[in-house]
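The values are calculated or read from the model by the stated rules, or taken from the named source; none is laboratory data. Fair warning: this is a prediction, and the values are worked out from it, not measured in the lab. FYI the Cβ positions are ideal-geometry reconstructions off the backbone, even for glycines, and counts take in every protein chain you see.
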Amino acid sequence: MPRPFNIIAACAENRVIGRDGRLPWRIAEDFAFFEKQTAGSTVIMGRISYATWTRAAQDGRHAIVITRDPSLARPNVQVASSLTAALVLAEAPGLPGEIYVCGGESIFAEAMLLPQAAKLYLTLVHAEIAGDRHFPDWRATFPRELARRDSADAQWRYSFLTLGR
């Protein structure tokens, strides 16, 4: 049986996760949560997500990048041609911690359809934000709220949600 994995993301109320290849907000507390939650784990992401997260293979993480570009492989970074292939690599003995799928849009959509997607760690930014990348509607797939912590900074209000099936 395939090993369970988690999905971790931040999105706006209108499900926006990106604009022009970047996050459309800067929330230090969310980034710190993301880094701490994924430290010592295996993280799976697309090429753009990998390019924007310079610390993906640090803090004990092993990164698996979904791409057709084999030149991205280096110590603690593997490449895979698909999410299915990435999940097979993530199950290899000796890889650290839990498995987290970290984006982007099409990878999130595919991951949410898989039965081994166990939890969704979602930072919900309480705003409608313009963007060109969206998170899939999670409400039917992850209807159970396991934990919630509301917070804010000078610009944004947001909630850290842990959701289950």
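Of everything listed in (1) within 17 Å of the chain's Cα centre (by Cα); (2) exposed (fewer than 11 other Cβ atoms within 10 Å of the Cβ); (3) of a type in the set (Lys, Arg), the single unmet condition for Arg144 is (1).
With respect to the conditions (1) assigned by TED's automatic domain parsing to the domain that holds Phe31; (2) modelled with pLDDT under 95, Pro75 falls short on a single one, namely (1). Just so you know, in the range 107-141 the residues that are of a type in the set (A, V, I, L, M, F, W, C) and assigned to a loop (DSSP other than H, G, I, E, B) include one that is farthest from Thr38 (Cα to Cα), and it is Ala130. Within the range 147-165, restricting attention to residues that are of a type in the set (A, V, I, L, M) and loosely packed, with under 12 Cβ neighbours inside 10 Å, the residue that is farthest from the chain's Cα centre (by Cα) is Ala154.
Among the helices (runs of 4 or more DSSP H) confined to the range 20-99, the ones with at least 1 residues that are surrounded by fewer than 18 Cβ atoms within 10 Å (Cβ to Cβ) and touching a residue at least 60 places away in the same chain (Cβ under 8 Å) are located at 28-38. Just one of the listed residues (Arg139, Arg148) is basic (Lys, Arg) and either assigned by TED's automatic domain parsing to the domain that holds Thr52 or in contact (Cβ under 8 Å) with a residue 12 or more places away in the chain (or both), namely Arg148.
Residues of the range 57-74 that are acidic (Asp, Glu) and under 17 Å from Gln37 (Cβ atoms): Asp59 alone.
Would you check if Asp150 is in a strand (DSSP E or B), farther than 17 Å from Asn6 by Cβ and of a type in the set (Asp, Glu)?
yes
If you check Glu13 against the conditions, is it loosely packed, with under 13 Cβ neighbours inside 10 Å, within 23 Å of Pro136 (Cβ to Cβ) and among the charged types (D, E, K, R)?
yes
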